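Let me begin by presenting the structure, written as structure tokens, before commenting on it.
The values are calculated or read from the model by the stated rules, or taken from the named source; none is laboratory data. Quick caveat, the model's predicted, so the values are computed rather than measured. Note that we place each Cβ from the backbone using ideal geometry, even for glycine, and neighbour counts take in every protein chain shown. Protein only, heavy atoms only, side chains kept; ligands, DNA and RNA dropped before computing areas. Shrake-Rupley method; radii C 1.70, N 1.55, O 1.52, S 1.80 Å.
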Amino acid sequence: MTEVDDRTMRERMLAGDPYIADDPDLAAESIRARVLCHRLGQLSPDAGLERRELLVELLGAIGEDTDIRPPFQCDYGYQTSLGARTFVNFGLVCLDVARVTIGDDVQIGPNVQLLTPTHPVEPGPRREKWEGAAPITIGDNVWLGGGVIVCPGVTIGENTVVGAGAVVTRDLPANVVAVGNPARVVRTLDA
């Protein structure tokens, strides 16, 4: 991880390569996202238009009739895209170091965590503050129950239901119900 590389840490991060997050450009982008998340959280519940405007400014994309209930936290915002008619309940934490793609008609329960960052297992590179990330993809019409944790690099297929409190460490196919830690498929759904 210490080979010569002329790219900025931001360029390395966006390419999915190891990078050091303690970088002035990345720090500024993170502060921007945290300020927008803070402003979002300070709005009155009936300030729907203002909330929508802040989400458009913060996120990479947000579909029509999609709603995110604060509090909402993310690392950068521009790495996160949500489809149309998606509902995100209170307390989503979206660590979007890598891309987070959420489809149409998705239901996300309270206190869900979408976690793209990874850290080296080896103590030396971890001490030197190297990290990486792997993208998360949530298919159309998925339901993530309250408290679900989705780990780096996971794809969840369309129509899948993930039970409350599950920890998703591996891809889940379309049209299944998965529960537990680690999440395992317990039922197939008719498509």
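Need pairs with beta-carbon distance below 8 Å; first residue among the basic types (Lys, Arg) and within the range 116-130, second open to solvent by 100 Å² or more (accessible area, probe 1.4 Å); sequence gap 6+ or separate chains.
126/119; 129/22
For the range 133-166, which positions are open to solvent by less than 30 Å² (accessible area, probe 1.4 Å) and farther than 27 Å from residue 71 by Cβ?
Across the range 133-166, the qualifying residue is only 157.
Can you tell me which residues in the range 63-101 are part of a strand (DSSP E or B), without any contact (Cβ under 8 Å) to a residue 40 or more places away in the chain and either buried (at least 22 other Cβ atoms within 10 Å of the Cβ) or among the small types (Gly, Ala, Ser) (or both)? First the steps, then the outcome.
Going residue by residue through the range 63-101, those that are part of a strand (DSSP E or B) are 67-68, 72-74, 80-82, 87-88, 92-95, 100-101.
Filter again for without any contact (Cβ under 8 Å) to a residue 40 or more places away in the chain, leaving 67-68, 72-73, 80-82, 87-88, 92-95, 100-101.
Passing the criteria: 68, 72, 80, 81, 82, 88, 92, 94, 100.
Does any residue of the range 40-59 turn out to be of a type in the set (Val, Ile, Thr) and buried (at least 22 other Cβ atoms within 10 Å of the Cβ)?
Checked against the condition, which is being of a type in the set (Val, Ile, Thr) and buried (at least 22 other Cβ atoms within 10 Å of the Cβ), the range 40-59 yields no hits at all.
Do the conditions hold for residue 12, that is, is it open to solvent by 20 Å² or more (accessible area, probe 1.4 Å), farther than 26 Å from residue 145 by Cβ and basic (Lys, Arg)?
Considered against the rule, which asks whether it is open to solvent by 20 Å² or more (accessible area, probe 1.4 Å), farther than 26 Å from residue 145 by Cβ and basic (Lys, Arg), residue 12 comes out as no.
With in contact with a Cys (Cβ under 9 Å, 6 or more places away or on another chain), of a type in the set (Ser, Thr, Tyr) and buried (at least 19 other Cβ atoms within 10 Å of the Cβ) as the only criterion, which of 169, 116 stands out?
116
Please specify each residue of the range 161-182 satisfying the condition of being under 22 Å from residue 92 (Cβ atoms) and in contact (Cβ under 8 Å) with a residue 24 or more places away in the chain.
Across the range 161-182, the qualifying residues are 161, 164.
Checking residue 121 against (1) among the hydrophobic types (A, V, I, L, M, F, W, C); (2) more than 24 Å from residue 73 (Cβ to Cβ); (3) buried (at least 18 other Cβ atoms within 10 Å of the Cβ), only one condition comes out false. Which one?
All conditions are met except number (3).
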